[in-house]
1. Val157 fails exactly one of the following numbered conditions: (1) over 21 Å from Val88 (Cα atoms); (2) touching a Gly at 6+ places or on another chain (Cβ under 7 Å). What is the number of that condition?
2. What number of residues within the stretch 108-130 are farther than 15 Å from Asp141 by Cβ and within 12 Å of the ligand (Cβ to nearest atom)?
3. Tell me which residues, restricted to the stretch 135-162, are more than 15 Å from the chain's Cα centre (by Cα), among the aliphatic types (A, V, I, L, M) and either more than 15 Å from the ligand (Cβ to nearest atom) or under 17 Å from Asn98 (Cβ atoms) (or both).
4. Is it the case that Glu32 is out of contact with any strand residue (DSSP E or B) (no Cβ under 7 Å at 6 or more places or on another chain) and touching a residue at least 12 places away in the same chain (Cβ under 8 Å)?
5. Being modelled with pLDDT of 95 or more and either open to solvent by less than 40 Å² (accessible area, probe 1.4 Å) or basic (Lys, Arg) (or both) is the requirement here; does Ala124 meet it?
6. Just the residues that are assigned to a loop (DSSP other than H, G, I, E, B) and open to solvent by less than 60 Å² (accessible area, probe 1.4 Å), please, taken from the stretch 157-172.
7. Taking only the stretch 173-201 into account, find how many residues are touching a residue at least 12 places away in the same chain (Cβ under 8 Å) and open to solvent by 40 Å² or more (accessible area, probe 1.4 Å).
8. If you scan the stretch 127-154, which residues turn out to be open to solvent by less than 20 Å² (accessible area, probe 1.4 Å) and touching a Gly at 6+ places or on another chain (Cβ under 9 Å)?
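The values are calculated or read from the model by the stated rules, or taken from the named source; none is laboratory data. Keep in mind the model is a prediction, meaning the values are calculated, not measured. Glycine gets a Cβ as well: all are built from the backbone with ideal geometry, and neighbour counts include every protein chain shown. Only protein heavy atoms, including side chains, enter the accessible area calculation; ligands, DNA and RNA are left aside. Shrake-Rupley method; radii C 1.70, N 1.55, O 1.52, S 1.80 Å.
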Amino acid sequence: MSNPTRIAVFASGTGSNLEALFEALEGRPDAEIAVVVSDRPDATALERARSRGVGVRTVDPDDAGEIVAVLEDHDIEWIVLAGYLKRVPAQVVARWRNRILNIHPALLPKYGGKGMYGHHVHRAVLEAGETVSGPTVHLVDEEYDRGPIVARRTVPVEPGDTPASLAARVLAVEHRLLPEVVIAAVEGRLVVEGDRARLLPGEA
Ligand code: GRF
């Protein structure tokens, strides 16, 4: 059996997606979250990692050298952005090209880009009168929310939705989608062709 694929999760906030990943990877011999990285020392995500005995590192998000050193120290193959609010430095993107995943709480390519995070996203979706929304997982390039889309799931926008009610409905689906994509990536089922990405089906 080869060594487990070593994953770094970057998170700035609550870390409910991190928790979903921990739960999905529990007991799997082929993948492990080796370190949780944050730009915020007070991120709840770091507490979740500590309580599972997983190492945490707080970094200066603009210090590419520091981030590369943390990732090298931990022999990281895949990076998962789970509510990480900073842009990943170009040097890190180049080094882990097509090995960085992000989850975004709307159907990209709409409602992404700088400033489109948290309730700003859901408010924009509601103001546009959309009837569906849902999370997107994509590969990270040098721009916010722009890299190849890997998977999306739709959820209905309900009459009377507020940004908070829509966020909660989308988040529940994020917690299933992100682990699904990460497991596919670990199993070598994430295929990138040019600027397109797709998942090959897993074994039933
Ligand atoms: C999620 O909605 C995710 O899509 C976005 O930030 C939020 C993070 O939530 N990028 P959590 O920290 O995982 O609870």
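1. Status for Val157: all satisfied but (2).
2. Within the stretch 108-130, residues that are farther than 15 Å from Asp141 by Cβ and within 12 Å of the ligand (Cβ to nearest atom) number 8.
3. Within the stretch 135-162, just Val157 meets the criteria.
4. Working: out of contact with any strand residue (DSSP E or B) (no Cβ under 7 Å at 6 or more places or on another chain): no; touching a residue at least 12 places away in the same chain (Cβ under 8 Å): yes.
No, not satisfied.
5. The answer is yes for Ala124.
6. Correct list: Val157, Asp161.
7. 12
8. Within the stretch 127-154, Thr136, His138, Leu139, Val140 meet the criteria.
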